[in-house]
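K.L.:
Let me give you the structure first, and then I'll get to my questions.
The values are calculated or read from the model by the stated rules, or taken from the named source; none is laboratory data. If you're wondering where the values come from, they're calculated on a predicted model, not measured in any experiment. Using ideal geometry, Cβ is built from the backbone for each residue, glycine included, and neighbour counts are taken over all protein chains shown. For the accessible areas, the whole protein counts, side chains as well, though only heavy atoms, and no ligand, DNA or RNA atoms are used. Shrake-Rupley method; radii C 1.70, N 1.55, O 1.52, S 1.80 Å.
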Amino acid sequence: MKILQVIHDFLPKHQAGSELYCCHLSQALRARGCDVRLFYSEIDHESANYAMRQGVYDGLPFWEIVNNHAYASFEETYENPLIEKAFAECLDAFRPDIVHFHHLLGLSFGCVRLSKEKGVPVVFTLHDYWLTCPRGGGQRFRGEGEICHQVDESLCAECISRYSFGAQRGVRLIKRILSLFERKNPDSLLTRMQRGKISTLKRSFVARGRCDIDNDVREVLFAHPPTQIHFKQSIEEESELVFAIAMPPSVYSKEGDGVQFSIRCDGESIYERVLHPKQNQEDRGWHSERVPLKKYAGKNREFIFETQAYPNGKIDFCAACWAEPKLLSTKTAAYQPTIQSKFQNKTQLFLTRLQGKSLQRNVEARARRTREMFKQVDLFVAPSRFLRTKFIEYGLDPNRIVFSDYGILTKGYEFSRRQPVRPIRFTYIGTLVVHKGLHVLIEAFNRLPSNSAVLNVFGGTDEFTDYVRRIKDMIAHPGISLRGRADNKDIPRLLRETDVLVVPSIWFENSPITIHEAFLSRTPVITSRFGGMENLVQDRKNGLLFDLGDADSLYQCLLTCTENPEFILSMQPDPAEVKTIEADAEWMMKTYEKLRQSESVAQSLHKTL
């Protein structure tokens with residue numbers, strides 16, 4: 001059977017849930033003898049718009065079309081003749097038996113019509129709500145956190161006002177001006193320390209660099225004992241000094257002393273700790289600290305950061321480092337939208353009022369075209385019951401859409417759980433973007449006692465940079481680490497090193513693959529009591545549920561786990577409840593075959609599910 005899989009973008013550049021599922025399903029189908037090929041778009045400003053490329057990714061042949069989203073109108077965001085022309089050429093070249101769509105963002109609704117005109121049955125797996133929502137990511141989500149429970153096309157006009165192309169030049173200019181007034185990340189003290197008065201035996205003992213301990217890489221100032229670093233720094237009211245200390249792994253097997261780390265402010269000792277990882281296993285790794293500075297608020301306070309060889313003063317193989325020290329105000333820990341974000345919301349509202357009727361006509365035209373396309377798809381697949389309900393509410397015929405959850409690649413998940421001990425290891429895995437709700441998690445986590453827990457955040461920091469900067473502003477707990485993007489092959493290992501996964505999304509979600517992966521590893525999940533997430537997590541059975549977007553409610557869940565580690569073990573996700581990608585591929589092949597034999601198959605599938 002020849003199957004053409006169509007998706008908005010693909011691996012390796014994009015590793016979100018829809019791309020991973022499409023890849024794993026395609027490979028499972030290929031393993032069962034199917035001839036599978038891919039068609040998707042990619043942004044590449046170094047290439048000509050709509051240039052076509054062919055290649056092979058992990059055994060899967062693909063066509064990739066460049067789409068730099070340089071649209072001349074809103075209509076081109078969903079009806080694009082140049083995309084359709086390229087897609088038609090691929091249909092003619094491959095002559096598939098089935099076309100399986102996963103997403104049309106950056107492509108064109110007309111691709112479905114072209115498939116049907118060729119007499120090819122069409123399956124469409126719905127990964128989000130983009131067909132019902134003209135906002136780019138299809139989250140049914142407005143501004144900084146308002147959910148569109150029902151589709152109101154007058155409100156949709158606000159979101160698409162960014163496609164009011166005549167206004168964009170002025171908007172971009174004003175945004176650049178406003179960016180100058182944004183509050184920057186809390187300044188790291190590393191530069192100030194590096195430029196301070198340094199007393200040491202050799203100047204080479206003190207150097208700026210990066211230290212990697214168990215794949216946790218941090219910016220540091222190496223300060224080989226004996227070293228004193230003097231500098232002056234103003235301190236705001238209600239501030240804390242947040243930092244980490246360590247001895248590098250390269251010295252663990254060497255003979256000699258440990259290190260005494262100490263800090264003084266205006267002559268008073270405010271911190272002291274000894275690490276001796278050569279003798280004590282628990283002294284290895286990063287040690288995050290948080291020191292209240294309320295009584296030292298004022299200008300030009302003198303700090304002294306000191307390292308000494310301990311206990312005997314033997315300095316050989318005695319390297320030490322101060323990691324990412326910074327001052328944070330406890331008054332500014334809550335997430336705040338940027339000036340640019342607030343400006344964009346105001347701009348969209350202004351443009352909506354100015355061009356309201358025109359924008360609403362655009363939205364209504366897209367909605368009509370969406371409902372026309374619904375009739376051209378033979379079968380929609382909804383990975384969550386919640387998503388299926390939302391599409392039926394929008395007007396999709398219930399007989400054209402079936403619920404069938406994602407199949408998950410299970411390789412690498414065969415291991416048992418450990419007894420949780422403090423600090424409890426919480427993990428976030430996902431895109432760092434506002435609708436994923438990381439800011440809610442950071443706000444809640446900041447309230448936990450310093451040594452009770454750590455939070456490892458895995459997600460790329462180079463895509464939604466404005467949001468990432470706001471997240472960095474919020475971090476006040478010394479146990480929070482931004483670890484960068486996680487490669488999918490490393491997910492089993494990361495979950496093995498996790499006590500509880502947190503999925504704090506503030507939008508509907510669908511059927512988050514990270515939750516399925518956590519269940520495969522028997523890792524309980526804390527998530528929002530909402531949408532597709534609530535379909536998966538049963539409160540106090542395989543995880544905990546908190547109120548959507550409520551940092552107080554999430555804090556109580558985190559606190560329950562840190563105060564009673566044994567409770568974590570009482571939550572028992574069952575890997576057997578997770579559908580395998582192999583079982584999914586078998587179901588999909590039977591579905592494809594039924595579609596090839598009959599134009600109306602959804603009702604029979606309903607009876608067998």
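K.L.:
Out of Glu268, Glu255, Glu237, report the one residue that is in contact (Cβ under 8 Å) with a residue 60 or more places away in the chain and farther than 23 Å from Ile315 by Cβ. Walk me through how you get there before you give the answer.
P.N.:
Details: Glu268 fails: in contact (Cβ under 8 Å) with a residue 60 or more places away in the chain; Glu255 fails: farther than 23 Å from Ile315 by Cβ.
Checking each option against the conditions leaves just Glu237.
K.L.:
Return the only residue of Leu104, Leu82, Leu38 being open to solvent by less than 20 Å² (accessible area, probe 1.4 Å) and not in a strand (DSSP E or B). Working first, answer last.
P.N.:
On the way: Leu82 fails: open to solvent by less than 20 Å² (accessible area, probe 1.4 Å); Leu38 fails: not in a strand (DSSP E or B).
Result: Leu104 is the single residue among Leu104, Leu82, Leu38 that is open to solvent by less than 20 Å² (accessible area, probe 1.4 Å) and not in a strand (DSSP E or B).
K.L.:
From the list Ile491, Ile513, Ile442, which one is within 15 Å of the chain's Cα centre (by Cα) and closer than 18 Å to Gln556 by Cβ? Break it down into steps so the answer makes sense when it comes.
P.N.:
On the way: Ile491 fails: closer than 18 Å to Gln556 by Cβ; Ile513 fails: closer than 18 Å to Gln556 by Cβ.
The match here is Ile442.
K.L.:
Check off (1) of a type outside the set (D, E, K, R); (2) modelled with pLDDT under 75; (3) open to solvent by 40 Å² or more (accessible area, probe 1.4 Å) for Thr191 and give me the number that stays unchecked.
P.N.:
Of everything listed in (1) of a type outside the set (D, E, K, R); (2) modelled with pLDDT under 75; (3) open to solvent by 40 Å² or more (accessible area, probe 1.4 Å), Thr191 misses just condition (2).
K.L.:
Looking at (1) surrounded by 14 or more Cβ atoms within 10 Å (Cβ to Cβ); (2) not in a loop (DSSP other than H, G, I, E, B), can you tell me which one Tyr50 breaks?
P.N.:
Every listed condition holds for Tyr50 apart from (2).
K.L.:
Go through (1) open to solvent by less than 30 Å² (accessible area, probe 1.4 Å); (2) among the polar types (S, T, N, Q); (3) within 27 Å of the chain's Cα centre (by Cα); (4) modelled with pLDDT of 95 or more one by one and return the number of the condition Gln27 breaks.
P.N.:
Every condition holds for Gln27 apart from (1).
K.L.:
Of the numbered conditions (1) over 21 Å from Tyr406 (Cα atoms); (2) open to solvent by less than 30 Å² (accessible area, probe 1.4 Å), Ala70 satisfies every one except a single condition; which is it?
P.N.:
With respect to (1) over 21 Å from Tyr406 (Cα atoms); (2) open to solvent by less than 30 Å² (accessible area, probe 1.4 Å), Ala70 is out only on (2).
K.L.:
Within the group Val363, Val381, Val454, which residue is under 30 Å from Val112 (Cα atoms), touching a residue at least 60 places away in the same chain (Cβ under 8 Å) and out of contact with any helix residue (DSSP H, G or I) (no Cβ under 7 Å at 6 or more places or on another chain)? Before you say what the answer is, go through the steps one by one.
P.N.:
Working: Val363 fails: out of contact with any helix residue (DSSP H, G or I) (no Cβ under 7 Å at 6 or more places or on another chain); Val454 fails: under 30 Å from Val112 (Cα atoms).
Only one candidate qualifies: Val381.
K.L.:
Is it the case, given these coordinates, that Asp128 is within 20 Å of Lys390 (Cβ to Cβ), modelled with pLDDT of 55 or more and buried (at least 19 other Cβ atoms within 10 Å of the Cβ)? Outline the logic, then answer.
P.N.:
Values: within 20 Å of Lys390 (Cβ to Cβ): yes; modelled with pLDDT of 55 or more: yes; buried (at least 19 other Cβ atoms within 10 Å of the Cβ): yes.
Yes, satisfied.
K.L.:
Also: Report every pair of residues separated by at least 6 positions or lying on different chains whose Cβ atoms are under 7 Å apart, first residue within segment 26-39 and over 19 Å from Trp63 (Cα atoms), second of a type in the set (Asp, Glu) and open to solvent by 50 Å² or more (accessible area, probe 1.4 Å).
P.N.:
Listed pairs, sorted by first residue: Ala28/Glu582.
K.L.:
Exactly one condition in (1) farther than 21 Å from Ala583 by Cβ; (2) among the aromatic types (Phe, Trp, Tyr); (3) in contact (Cβ under 8 Å) with a residue 60 or more places away in the chain is not met by Tyr57; state its number.
P.N.:
(3)
K.L.:
Could you please find all residues in segment 551-581 being over 18 Å from Asn535 (Cα atoms) and among the acidic types (Asp, Glu)?
P.N.:
Asp552, Glu563, Glu566
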